[in-house]
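Okay, structure first, notes after.
The values are calculated or read from the model by the stated rules, or taken from the named source; none is laboratory data. This one's a predicted model, so the numbers in the text were calculated from it and none came from an experiment. Every residue, glycine as well, gets a Cβ built from its backbone with ideal geometry; the counts of neighbours run over all protein chains shown.
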Amino acid sequence: MNTPSTVRPNWTDPEVIVVRYGTRQTTKSECYYNFRAYREPDAEMTMDYFFWIFRSAEQTIVIDTGFSPEAAIARKRQPVVAPADALARLGIDPKDVKLLVLTHAHYDHAGNLGLYPNANIVMSRKEFEFWGTDMGKRPQYGHHIDPLDIERIQALHREGRITLLDAPQNTLIPGIELYELGGHTPGQMAVVVEMPEGPVILASDAIHYYDELEQDRPFAVLDSLADMYRGYERIREWLQRPGAVVIPGHDPDVMNRFAPVDASDPSFAVRIDAHGAGV
């Protein structure tokens, strides 16, 4: 089984930034697959929404783009900060972003692509092609995408701005690997960044909450239960490496486990830099 490279590039001032752009209240029974199997009482829980940034003196890479304002209204999600405003606060002009990763095409990860007019977008071919099939339009799949996002992705592909990945492991740039884990969607990808203190595993929705990994508790939205379990096993193997940390796609505890970008507003964003998690 392939594992992330242990060769760490000589980046200048590298950092991984996790931006919390939205939130909502939900329940365990809504979030965990077949929750009644655990014979536990239901309980409320919070679901946060993130997108991620890798930044060094050499370049800035954005990973996922968040839900659109229209999707927030339609799905009754609570925006915390508009992605464009978050980027401005971090000193990032989206027009300067040349490389963007879409880990999968769900509405909360693939909106706002118009913010990045000069970015080359990278995604799994399996993911791209699935959402153009009749199967992808069935309600149990289609509920989780915004058709306008899919239309924009398809248009960007026709314009030559999307690179589709065929292999299960791909090097984005030296030091950043993309792994197709599946499970949540057919081509769900995780991103592994080789930071100086150890790999940072941006799991996206390969795991939504730490509980999925720690309690072997699959998320309710899935394409393949077996692949979701295999993805957990893969991430656990990566976490055996010295200094490795994982960042799930929706767990509010992410904001407690890592250092805030702005100590006066710790709920805005957290970072892992060359010195590690910082908390």
Matching residues in the stretch 228-261 - criterion: being among the acidic types (Asp, Glu) and without any contact (Cβ under 8 Å) to a residue 24 or more places away in the chain:
Glu233
Across the stretch 264-279, which residue is surrounded by the fewest Cβ atoms within 10 Å (Cβ to Cβ) among those that are in a loop (DSSP other than H, G, I, E, B) and at pLDDT 95 or above?
Ser264
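Residue-by-condition table, conditions (1) touching a residue at least 24 places away in the same chain (Cβ under 8 Å); (2) in contact with a Gly (Cβ under 8 Å, 6 or more places away or on another chain); (3) basic (Lys, Arg):
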{"position": "Phe51", "(1), (2), (3)": "yes, yes, no"}
{"position": "Ala57", "(1), (2), (3)": "yes, no, no"}
{"position": "Pro79", "(1), (2), (3)": "yes, yes, no"}
{"position": "Ala82", "(1), (2), (3)": "yes, no, no"}
{"position": "Ala86", "(1), (2), (3)": "yes, no, no"}
{"position": "His106", "(1), (2), (3)": "yes, no, no"}
{"position": "His109", "(1), (2), (3)": "yes, yes, no"}
{"position": "Leu115", "(1), (2), (3)": "yes, no, no"}
{"position": "Gly136", "(1), (2), (3)": "no, yes, no"}
For the stretch 79-94, does any single residue satisfy the condition of being farther than 18 Å from Ile17 by Cβ and in a loop (DSSP other than H, G, I, E, B)?
no
Given the structure, is Asp64 within 19 Å of Ala190 (Cβ to Cβ) and in contact with a Phe, Trp or Tyr (Cβ under 8 Å, 6 or more places away or on another chain)?
yes
How many residues are farther than 18 Å from Ser267 by Cα, touching a strand residue (DSSP E or B) at 6+ places or on another chain (Cβ under 8 Å) and not basic (Lys, Arg) if we restrict to the stretch 68-93?
3
Quick one: count up the residues across the stretch 96-129 that are over 19 Å from Gly182 (Cα atoms), hydrophobic (A, V, I, L, M, F, W, C) and out of contact with any strand residue (DSSP E or B) (no Cβ under 6 Å at 6 or more places or on another chain).
2
Which condition breaks for Ile73 when tested against (1) without any contact (Cβ under 8 Å) to a residue 40 or more places away in the chain; (2) of a type in the set (A, V, I, L, M); (3) more than 28 Å from Tyr179 (Cβ to Cβ); (4) part of a loop (DSSP other than H, G, I, E, B)?
(4)
Looking only at the stretch 234-255, count every residue that is of a type in the set (Asp, Glu) and part of a helix (DSSP H, G or I) and tell me the total.
1
Restricting the stretch 22-59 to residues that are surrounded by 14 or more Cβ atoms within 10 Å (Cβ to Cβ) and small (Gly, Ala, Ser), which is nearest to Ile201 (Cα to Cα)?
Ser56
